[in-house]
Amino acid sequence: LAAAVLELSTKLPGLADPLEADHPGMHITATIDYEHVVSGRCVLALDDRLTRERRPGDAVMQNGTRYAWPNPFE
């Protein structure tokens, strides 16, 4: 795991900075993040523990909110 983290920080500096070590996947970014589901399903998890399944055709925009995209459908 340490080697993977080192490689990520070397090749893509700053990419993992918004991620929270104690809550895997949860993050906040200073950008407008847009998700459009083309196929399959995914889950949007929000800061208040609310989750919503997203399906093809769904779109989500996030701006400065804490969220994650867990995938229980793998």
Non-local amide H neighbours of VAL43 (under 5 Å, H modeled in plane, Pro and chain starts lacking H): which ones? ARG54
0 to 90° range, to nearest 10: angle between helix 2-11 axis and the chain longest Cα axis: 80 degrees
Could you pull out every residue, at least 5 positions away or on a different chain, whose amide H is within less than 5 Å of the one on MET26? Hs are placed 1.01 Å off N in the peptide plane, and Pro or chain starts have none. GLU20
Alpha-carbon Rg with Dmax, taken over the chain, Å: 13.7, 37
Within the chain, excluding any trypsin sites (Lys or Arg not before Pro) found in a DSSP loop (not H, G, I, E or B) and having at most 13 other Cβ atoms within 10 Å, the longest uninterrupted segment runs 1-40
For the range 57-63, in residue order, the Karplus 3J(HN,Hα) values (coefficients 6.51, -1.76, 1.60; θ = phi - 60°; whole Hz; Gly and Pro = x) are x, 6, 9, 9, 10, 10, 9
Using the Cα centre of the chain as origin and beta-carbon charges of +1 (Lys, Arg) and -1 (Asp, Glu), tell me which of ALA68, ALA30, VAL43 is placed farthest towards the positive end of the dipole. VAL43
Dipole size in debye (nearest 20) for the chain around its Cα centre, Lys and Arg Cβ +1, Asp and Glu Cβ -1? 200 debye
Can you give the local net charge around THR65? Use residues other than it whose beta-carbon is closer than 15 angstrom to its beta-carbon, Lys and Arg +1, Asp and Glu -1. -2
What helix-only [θ] at 222 nm does the chain give? Using -39500 (n - 2.57) per DSSP H run of at least 4, over all residues, to the nearest 500, the answer is -4000 deg cm²/dmol
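Quick note: the coordinates plus some simple rules give every number you see, no bench work behind them. All of these numbers come straight from a predicted model, not from anything done at the bench. Neighbour counts run over all protein chains shown; Cβ positions are idealised from the backbone, glycine included.
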